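The next block holds one structure in the form of structure tokens; read it before the comments.
The values are calculated or read from the model by the stated rules, or taken from the named source; none is laboratory data. Predicted model only: the values in this text are computed from it and were never measured. Note: ideal-geometry Cβ built from the backbone for every residue, glycine included; neighbour counts use all protein chains shown. Areas reflect the complete protein model, heavy atoms only, side chains present, ligands, DNA and RNA absent. Shrake-Rupley method; radii C 1.70, N 1.55, O 1.52, S 1.80 Å.
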Amino acid sequence: QVQLVESGGGLVQAGGSLRLTCAASGRAFSSYIMGWFRQAPGKEREFVAVITWSGATTYRADSVKGRFTMARDNAKNTVYLQMNSLKPEDTAVYYCAADQGRYTSRNPEQYEYWGQGTQVTVSA
């Protein structure tokens, strides 16, 4: 089992940057595939990015490619989401999630563990 705590959200102007951090506690963090998702008011939770166990491979949603970067540090049990060139449509609660599966997934139902979320608000 793993516990996840996100931080780093806040209010930023369009074009600005934020770095989200997800700190994990529990066993075998490096065995989990990690994902970032977001949920805006009145909308379904949507995939943002996912990273493999080693951190060698990441996949991102088309809406954030070229702007967001995901990374992990297994020695620190932490994953990051660097968000640049933020847009008002990026406003949402951002969640990190952990998946014990063998393959990366963009489906939130595949993830067993979730953090409480951190609010990101981008003003125009």
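Annotations for the structure displayed:
- Alpha-carbon centroid distance for the pair segment 3-36 / segment 50-124, whole angstrom: 7 Å
- Relative contact order (percent, whole number), segment 56-124, Cα cutoff 8 Å, 6+ residue spacing: 28 percent
- Evaluating 6.51 cos²θ - 1.76 cosθ + 1.60 at θ = phi - 60° for every residue in segment 78-88, the Karplus couplings come out as 9, 10, 10, 9, 8, 10, 10, 6, 5, 10, x Hz, glycine and proline recorded as x.
- Ligands, DNA and RNA left out, the 1.4 Å accessible surface of segment 42-124 is 45% carbon and sulfur atoms.
- Stretch gain in nm, segment Ser17-Ser63, where the contour uses 0.36 nm per residue and the Cα spacing is subtracted: 15.0 nm
- Per residue, segment 85-124 exposes 53 Å² of solvent-accessible protein surface, assessed with a 1.4 angstrom probe and all protein chains in place.
- Sequence-distant lysines (8 or more away, or on other chains) whose Cα lies within less than 24 Å of Lys65: Lys43, Lys87
- Residues whose amide H lies under 5 Å from that of Asn74, counting only those 5 or more places away or on a different chain, are absent; hydrogens are built 1.01 Å from N in the peptide plane.
- Segment 1-100 - Rg over Rh from alpha carbon coordinates, Kirkwood radius: 0.95
- Only the Cβ atoms of Lys and Arg (+1) and of Asp and Glu (-1) were treated as charged; on that basis the dipole of the chain about its Cα centre amounts to roughly 240 debye.
- Charge sum, other residues only, whose C-beta stays under 13 Å from Gly10's C-beta, Lys/Arg counted +1 and Asp/Glu -1: -1
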